[in-house]
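Here's the structure, in structure tokens; my notes come after.
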Amino acid sequence: MGIHYFYSKQNTTTGIILLIMIVMGLTTNKAHSQEKFEGLEYPYEMNKVKLSDNKEIAYADIGEGEPILFIHGLASYAPAWKYNISELSKSYRCIAVDLIGYGKSSKGEYKADMSFHAQYLFELMEALNISSFHLAGHSMGGQIALKMALDRPEKVKSLMLMAPAGIETFTAQERAIFKNSTTPESIANISDEQYRINLSLNFYEMDERAEFMYDDRMKIKSDNQFMDYSYVVAEGVMGMLNEPVFDQLGEIEQPTLICYGQEDRLIPNTYLHKDLTTQSLGETATKKIPNSELKMIPKAGHFVHFDQPEQVNEIMKNFLKNN
């Protein structure tokens with residue numbers, strides 16, 4: 001009815017031109033709907049592949065040899081591994097992803113729990129014709145890696161877990177606290193000053209090497225799809241809580257390396273679990289996972305692999321060589 005009215009009241013030629021302009025405008029907005037994310041400078045070239053449900057995942061594919069899939073943590077992205085991939089890619093094929101909903105990958109209001117991410121990571125590796133691979137996961141990425149090893153053990157050769165989530169457990173009351181305090185709005189509306197404070201808590205000492213993470217946040221916060229990104233981050237928090245892996249750790253068959261920074265200020269949760277230490281969590285993990293080893297890294301925080309890349313790289317290389 002509206003289109004009929006438009007053409008009956010306006011000059012037909014003018015109407016066609018306006019309609020074309022509208023359609024072009026809509027197409028342009030869609031094409032550039034995450035232009036700030038796409039414009040981020042990465043330390044390596046990112047490729048894209050379309051997976052099920054029309055979702056695209058962005059990934060770097062560097063080096064040759066046995067494949068390692070690198071999975072970043074909550075509210076992070078592929079460049080967080082840059083100091084590790086620069087070394088490990090000399091001997092291994094390193095594949096670093098932006099999880100769906102993050103970085104240069106597809107955005108949307110996705111139920112982005114551990115199963116969601118595991119599904120698309122398996123799809124990516126199948127698209128690359130990689131039948132089995134090593135996994136390196138940081139924080140939430142560590143819990144995703146554990147989920148993948150449990151779901152399809154024949155695909156996963158070994159696990160290298162950097163400050164993994166999933167070892168610390170939470171009560172129903174504690175999960176409710178997270179649910180009430182973690183929303184897309186709270187993530188999106190955090191002040192620049194508070195974001196810098198929160199980001200700095202990830203490191204033993206936030207120096208100029210990590211400044212790009214803050215700068216990139218300043219760039220993406222004005223993107224058209226920033227709220228979709230914030231939605232996925234919030235879903236990630238709840239996904240970690242709603243899909244616990246702790247009771248299944250004894251079923252992990254793969255050789256497993258666990259690294260925690262001795263100065264990790266995020267794991268364990270200092271507000272809810274004052275009686276726990278990072279060391280005790282690491283020891284709990286190695287007791288639960290049959291073929292596992294723990295490395296506590298001095299002068300390292302939650303981003304243990306970023307704070308002390310040279311030491312962690314040597315540990316990872318030795319672990320891979322022995323397994």
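The values are calculated or read from the model by the stated rules, or taken from the named source; none is laboratory data. The structure presented is a predicted model; accordingly, all values stated were derived computationally and were not measured. Counting neighbours? That spans all protein chains shown, and the Cβs are built from the backbone with ideal geometry, glycine included.
Only residues that are of a type in the set (S, T, N, Q) and surrounded by 19 or more Cβ atoms within 10 Å (Cβ to Cβ): list them for the range 287-323, please.
S292, Q308
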- Those residues of the range 175-195 that are among the polar types (S, T, N, Q), in a helix (DSSP H, G or I) and modelled with pLDDT under 95 come to a total of 2
- Message: Based on this model, can you work out whether D275 counts as among the acidic types (D, E) and part of a loop (DSSP other than H, G, I, E, B)?
- Response: yes
- Task: Looking only at the range 163-173, decide whether some residue is at positive phi, in contact (Cβ under 8 Å) with a residue 12 or more places away in the chain and not polar (S, T, N, Q).
- Result: yes
- Hey, I252 hits all of (1) buried (at least 16 other Cβ atoms within 10 Å of the Cβ); (2) within 23 Å of Q173 (Cα to Cα) but one; which does it fall short on? (2)
- Query: Does any residue of the range 148-168 turn out to be surrounded by 15 or more Cβ atoms within 10 Å (Cβ to Cβ), within 22 Å of D247 (Cα to Cα) and modelled with pLDDT under 95?
  - Reply: no
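If you check Q308, Q279, which single one turns out to be touching a Leu at 6+ places or on another chain (Cβ under 9 Å) and not aliphatic (A, V, I, L, M)?
Answer to the check: Q279.
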- Are any residues in the range 187-204 free of Cβ contacts under 8 Å to residues at least 24 places away in the same chain and of a type outside the set (V, I, T), and if so, which ones? N189, S191, E193, Q194, Y195, R196, N198, L199, S200
- Task: Any chance you could count how many residues in the range 290-323 are under 21 Å from E168 (Cβ atoms) and among the aromatic types (F, W, Y)?
- Result: 2
- State whether the residues of the range 268-290 include one that is basic (K, R), under 21 Å from Q248 (Cβ atoms) and in contact (Cβ under 8 Å) with a residue 40 or more places away in the chain. yes
- Whichever residue in the range 172-197 is surrounded by 14 or more Cβ atoms within 10 Å (Cβ to Cβ) and of a type in the set (S, T, N, Q) and, among such residues, is nearest to M240 (Cα to Cα): T182
- Message: Only one of I267, I258 is at negative phi, crowded, with 16+ Cβ neighbours inside 10 Å and assigned to a loop (DSSP other than H, G, I, E, B). Can you tell me which?
- Response: I267
- Query: Residues of the range 42-82 being over 28 Å from T183 (Cβ atoms) and without any contact (Cβ under 8 Å) to a residue 24 or more places away in the chain, which ones?
  - Reply: E45, N47, K50
- Query: Is at least one residue of the range 221-244 part of a loop (DSSP other than H, G, I, E, B) and surrounded by 22 or more Cβ atoms within 10 Å (Cβ to Cβ)?
  - Reply: no
- In the range 28-39, anything over 23 Å from A127 (Cβ atoms), modelled with pLDDT of 95 or more and of a type outside the set (D, E, K, R) is listed as G39
- Within the range 89-105, count every residue that is surrounded by fewer than 23 Cβ atoms within 10 Å (Cβ to Cβ) and either touching a residue at least 60 places away in the same chain (Cβ under 8 Å) or under 20 Å from E38 (Cβ atoms) (or both). 3
- Note on the structure: Across (1) in a helix (DSSP H, G or I); (2) at pLDDT 95 or above, N202 clears everything bar (1)
